[in-house]
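Asks: Provided herewith is a single structure, encoded as structure tokens, for subsequent inquiry.
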Amino acid sequence: MTTAQTLLKVEGLKKHYPIHGGIWGRRVGEVRAVDDVSFSVRTGETLGIVGESGCGKSTTGRAILRLEEPTAGDIRFEGTSLLSLGVEAMRRMRRELQMVFQDPFASLNPRKTAGAIIEEPLRVHGIGDANERKQQVKELLQVVGLDSYHAERYPHQFSGGQRQRIGIARALAVRPKLIVADEPVSALDVSIQSQVLNLLEDLQESFDLTYLFIAHDLSVVRHISDRVGVMYLGRMVELADRDELYNNPIHPYTQALLSAVPVPDPDAKRERIILKGDVPSPRNPPAGCAFHTRCPHVMDICRKVRPEFTDQGGGHFAACHLTG
Ligand code: ADP
Ligand code: MG
């Protein structure tokens, strides 16, 4: 995979939400949901993004598709700067970039049949006539492991796993190159999770898909990803090949996260690292390294200087003063 090309390049991405307060509704601060994040996704790979709730994973995914307008940064898809596109050009571009959401119940219109939901992106992008689209919906249902008669049913008539299959069929309908999957299995029973993960893997093969796979569950991300990025408080703190990251984590935050996961190999002993304190608020992130307030190895410089996110060798990126 070393020769693979870059499909998506994210550089210096920021999304700050203004906070308004007081009787005048003045701007009194901002939430730094995503605060200068850079990474790229290679054609055909699955890049996992992991981190605790609130660290900015969803905002990152949504900003890439411009479902949230980024505050700053550059997003290049096959070399095209997405932020430079006008509304119409961006609408057309969405054929290439699709999203699968965490909660398929909330993201599927309850008043529309599964068939109408899956057909919608085809209609929006003017693909085929009514008959061709009906045929495509049938095929898509089969591709995601449902039956053609399911087209007539409404979201509430499906199980959670089936609803997520509909969400996946909808994303797949326009034959995108990149799918941003935001916690696609987090709302599902554990027994159903692996079925949906296997489906995503099969589809990746058959449709040459590239995934940006967001989850808070480390073992889910480990299962499906080629490379993994770890976020903390709006920042990417580490990114590496999957096995490299899980076997040889550099950043103290990643080390702590991984130490809490049961290890499959009983010989590979790992001491549980308990972090002190809570995750600070992104309204008022700590100066320097955002992790310094909880880091067991904190040094003076960490309180003042933000560590650069740099390649520590062989494509293993980390933002930590201990190593670079
Ligand atoms: P994650 O997906 O990792 O759980 P999010 O990207 O959803 O995190 O949120 C990151 C931070 O941004 C959180 O503190 C969240 O409360 C805040 N946030 C998300 N969306 C908004 C919004 N529309 N307005 C204000 N703050 C937001
Ligand atoms: Mg989220």
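The values are calculated or read from the model by the stated rules, or taken from the named source; none is laboratory data. Source: prediction; values computed, not measured. Note that each Cβ is placed from the backbone with ideal geometry, even for glycine, and that neighbours are counted across all protein chains shown. The protein model used for the area step is the full one, side chains on, heavy atoms only, and it has no ligands, DNA or RNA in it. Shrake-Rupley method; radii C 1.70, N 1.55, O 1.52, S 1.80 Å.
Asks: Separation of segment 1-46 and segment 214-265 by C-alpha centroid, Å?
Replies: Centre-to-centre (Cα) distance: 19 Å.
Asks: Continuing with the same structure: Quick one: grab Rg to one decimal and Dmax as a whole number for segment 9-101, Cα atoms only, in Å.
Replies: Calculated on Cα positions, Rg and Dmax stand at 14.7, 51 Å.
Asks: Let me ask something else. Treat every Asp and Glu Cβ in segment 236-324 as -1 and every Lys and Arg Cβ as +1, leave all other atoms uncharged, and give the resulting dipole magnitude about the Cα centre to the nearest 20 debye.
Replies: 540
Asks: Given H placed 1.01 Å from N in the peptide plane, which residues other than close sequence neighbours of Val31 have an amide H under 5 Å from its amide H?
Replies: Result for Val31 returns Tyr17, Ile19.
Asks: May I ask for the distance between the Cα centers of segment 94-108 and segment 132-208, given as a whole number of Å?
Replies: 10
Asks: Expected output is a single nm value to one decimal: the length gained when fully extending between Leu83 and Tyr154, i.e. 0.36 nm times separation in residues minus the C-alpha distance. What is it?
Replies: 22.0 nm
Asks: Kirkwood hydrodynamic radius, segment 40-148, all distinct C-alpha pairs: what's the number in Å?
Replies: Radius from the Kirkwood sum: 16.4 Å.
Asks: Still on this model: Calculate the all-directions average of the projected area of segment 107-175's alpha-carbon convex hull, and give it in nm².
Replies: 4.0
Asks: On to the next question. Give me the extension gain from Asp208 to Glu30: residue separation times 0.36 nm, minus the current Cα-Cα distance, reported in nm with one decimal.
Replies: So the extension gain works out to 60.2 nm.
Asks: Per the Cauchy relation, a quarter of the hull surface: what is the mean projected area of the convex hull of the alpha carbons in segment 200-324, in nm²?
Replies: The number I arrive at for segment 200-324 is 8.9 nm².
Asks: Then there's this: Tilt of helix 190-207 relative to the longest C-alpha principal axis of the chain, in degrees (0 to 90, nearest 10)?
Replies: For 190-207 against the chain, the angle is about 70 degrees.
Asks: 7 Å from Cα along Cα→Cβ at both Ser191 and Asn131: what's the point-to-point distance in nm?
Replies: 4.4
Asks: For the chain, what relative contact order do you get, as a whole percent, if you take Cα pairs closer than 8 Å and at least 6 residues apart?
Replies: 19
Asks: To continue, here is another question. Rank by packing, highest mean first: peptides 193-200, 96-103, 153-160, with packing defined as the count of other Cβ atoms within 10 Å averaged across residues.
Replies: Per-residue Cβ counts within 10 Å, averaged per peptide and sorted highest first, yield 96-103, 193-200, 153-160.
Asks: Further question on the same structure: Using only the Cα atoms of segment 267-324, build the gyration tensor, take square roots of its eigenvalues as a ≥ b ≥ c, and label the shape rounded, prolate or oblate: rounded if a/c is under 1.5, else prolate if a/b is larger than b/c, else oblate.
Replies: oblate
Asks: From the Cα gyration tensor of segment 31-73, with a ≥ b ≥ c the square roots of its eigenvalues, which class applies: rounded if a/c is under 1.5, or else prolate if a/b is larger than b/c, or else oblate?
Replies: Here segment 31-73 falls in the oblate category.
Asks: Suppose every K and R has +1 on its Cβ and every D and E has -1 on its Cβ; what is the size of the dipole of the chain about the Cα centre, in Debye to the nearest 20?
Replies: 1100
Asks: Here is a further query. Considering all projection directions equally, how large on average is the shadow of the alpha-carbon convex hull of the chain, in square nanometres?
Replies: Approximately 19.1 nm², given one-decimal rounding.
Asks: Cross-link candidates for Lys304: which lysines have Cα within less than 22 Å, leaving aside residues fewer than 8 places away along the same chain?
Replies: Counting by Cα, and skipping residues close in sequence, Lys304 has these lysines nearby: Lys14, Lys276.
Asks: Now a separate question. Using a cut-off of 12 Å between alpha-carbon atoms, which aspartates and glutamates can reach Lys134, once sequence neighbours fewer than 8 places away in the same chain are excluded?
Replies: Partners found: Glu119, Glu120, Glu152.
Asks: Okay, next question. Computing the accessible area with a 1.4 Å probe over protein heavy atoms, can you report the carbon and sulfur percentage for the chain?
Replies: C and S atoms contribute 47 percent here.
Asks: Quick one: helix 114-124 against the long Cα principal axis of the chain, what's the angle to the nearest 10°, folded into 0 to 90?
Replies: 80
Asks: Once amide H atoms are built 1.01 Å from N in the peptide plane, which residues 5 or more positions from Met231, or in another chain, come under 5 Å H to H?
Replies: Those qualifying (amide H under 5 Å, at least 5 residues apart or on another chain) are Val50, Gly51, Val237.
Asks: Could you size up the charge dipole of segment 107-175 around its Cα centre, putting +1 on the beta carbon of Lys and Arg and -1 on that of Asp and Glu, and report it in debye to the nearest 20?
Replies: Using only the charged Cβ atoms, the result is roughly 200 debye.
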